[in-house]
1. Calculated FRET efficiency, Arg163 and Asp391, Cβ-Cβ r, R0 60 Å, to nearest 0.05?
2. Accessible area per residue, 1.4 Å probe, Å², for region 437-571: what's the number?
3. Counting pairs of alpha carbon atoms under 8 Å apart in space and at least six apart in sequence, what relative contact order in percent does the chain give?
4. If you take every residue apart from Lys483 with its C-beta less than 13 Å away from the C-beta of Lys483, what net charge results, scoring Lys and Arg +1 and Asp and Glu -1?
5. Between Glu78 and Ser18, what FRET efficiency comes out of the Förster formula 1/(1 + (r/R0)^6) with R0 = 41 Å and r the beta carbon distance, rounded to 0.05?
6. Give, as a single signed number, the net charge of other residues whose beta carbon lies under 14 Å from the beta carbon of Asp405, with Lys and Arg counted +1 and Asp and Glu -1.
7. Amide H to amide H, which residues 5 or more places from Thr112 or on other chains are under 5 Å from it, using H placed in the peptide plane?
8. How big is the chain along each principal axis, measuring the range of its Cα positions in Å and listing the largest first?
Amino acid sequence: MQYQKLCEVYEELEKNPSRLKKTEILAEFLKSIKNEKHHEIVYLLQGRVWPDYEEKEFGISTQLTIKALARATGKQEEEIVKKWKKLGDIGEVAAEISKTKSQHTLFSTKLTTYKVLENLQALPGLVGKGTIDKKIGLIAELLSCSSHIEAKYITRTLMNDLRVGVGSGTLRDAIVWACFDKEDKEAFQKVQSAYDKVTDFALVFNKAIKGKHELDKIELSPGQPLKVMLAPKAESIKDAFERAGNEKGEIAIEYKYDGFRMLINKDEKGEIKIFTRRLDEVTKQFPDVVKYIREHIKADTFIIDSEAVGYNKKTKRYTSFQHISQRIKRKYDIAKLAEELPIEINVFDILYYNGKSMIQEPFEKRTALIHKIIKNNKFHIQTAHQLITSDEKKAEEFYKQALKDGQEGIMIKKLESPYQPGTRVGNWLKFKPVANELDLVIVGAEYGTGKRAGWLSSFDVACSDEDGKFLDIGKVSTGVKEKSEEGTSYEELTQILKPLITSETGKKVKIKPKIVITVDFQEIQGSPSYNSGFALRFPRFTALRTDRSVHDIATIDEVKKLHNKEVLKRTY
Ligand code: ATP
């Protein structure tokens, strides 16, 4: 398919902010590509070239894109930088200068989506000497035969900043509209459930074209990351019993460990793979966990769900997520760090066991299975601390003990419930002391002055709407440290954020939304200054969430709920 045709769809999507209209546009497009040989085009609709679980990165900065543009168009780099400073959006710059290309493109072939995918997919594989030049070459090859709108979207795709507003929800709906009846509720559920198991929209579309029975055939497979199940909040322990109790009034309660999620897989070849909640593979960073798994779990194949929690080697007290977070991204001295910052794996679910999916089995049965196959070994690996009860007092005591033991609170689970990947449907609930904090994504920043000169020192943070659009909600600076010994520092954040800068005006920069942080605050106020309609009062940075992606940040609904609660509290 001609890439130009896809770009026309992008333009239409960009022009139409309404979600319904976007769904219609996408559904029409999907209908038109049903007979294409490759459905990887579906990735391009969200500005990606791989399935969602794939963690590969293009590794392309704005500077490199400018070099590629210069090579493709024959323009001077300085001229392009000047335009970039003026327009702010590198995509618009690419479009503008492509209109007046000085190099001849008369003989160039029309760009196909296949060619765009091929060149962009090749970028991460380039390593070693001459990598930069080869990368520029691949991009320049595309840009030199692209029309101005093609140049705009190639550049934006490279910057992970497509700006056409296609979230996962819209794409899912469009697949249903393109393949089934718009009113077919079962189809929505089947498409979503298939996606949650494989996190690959191209594959889901491919199956949906063939019918619901093909969607049903999509199954879990060890080694293939899936979306984990999540939990809404319970208002109180009483509320938890009311919402999750079975006929006998019983619920399962577990410690809510303060660590990070680990989905641990063992496939038929005996290979172990560990994924975080944002589907990053972290097996290499956790040789200790691989060892515990091999020694303490008796099964040929499995997918288990667990929380990795840090503890102090000397005092044996559990520590917070912040303390062990550096283990997730560490690339060197891994064994030494594992020694310094040990973790314990607390297993709380099993999704696949010896060749069979377990997710339709009741939670009670899945728990019994993990107890059967895991040999508990404190401070290495164990099954999550659990109580099954119908007694509110006992539940209250268990909750207090969890807090005393340094954990966040409790998880409440329905005994008869299945595991539903990717959902927050209430089969699980969480309960913890009230905290005013949100996970938000950094979308902009400002360079500091004085002793913070050269560092980004104030960070614009955003929540998202249900379709993944980012909505500003405040600026954070407090809580970030001057010195790295004291915690996450301005210098560290600057280093992480600099390659993600998409535009600069004076001291202000716009940043590709990628880095998630936890922010606490005193209250949420209504505010016309931010496009979310809300502002955080006294926001303070508390943690860099290397285990979270933009899909995990607070939604505008959560913000509204917190705000309403505060208003209510003040009224009564
Ligand atoms: P919060 O921000 O309140 O910590 P969250 O954003 O981490 O919540 P939720 O789905 O709201 O995510 O809460 C569930 C999380 O709690 C899981 O993702 C998991 O990482 C963690 N957790 C700790 N202990 C357990 C447990 N026993 N069972 C399930 N999840 C657990």
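The values are calculated or read from the model by the stated rules, or taken from the named source; none is laboratory data. Because the structure is predicted, anything quoted here is derived from the model rather than measured. Here the Cβ is made from the backbone with ideal geometry for all residues, glycine too, and neighbour counts use every protein chain on show. Surface accessibility is based on the protein's heavy atoms, side chains included, excluding ligands, DNA and RNA. Shrake-Rupley method; radii C 1.70, N 1.55, O 1.52, S 1.80 Å.
1. 0.65
2. So region 437-571 comes to 47 Å² accessible per residue, rounded to a whole number.
3. 13 percent
4. Summing Lys/Arg as +1 and Asp/Glu as -1 gives -2.
5. Approximately 0.50, to the nearest 0.05.
6. Taking every Cβ under 14 Å from that of Asp405, the sum is +1.
7. Tyr3
8. Answer, in whole Å and largest first: 77, 62, 55 Å.
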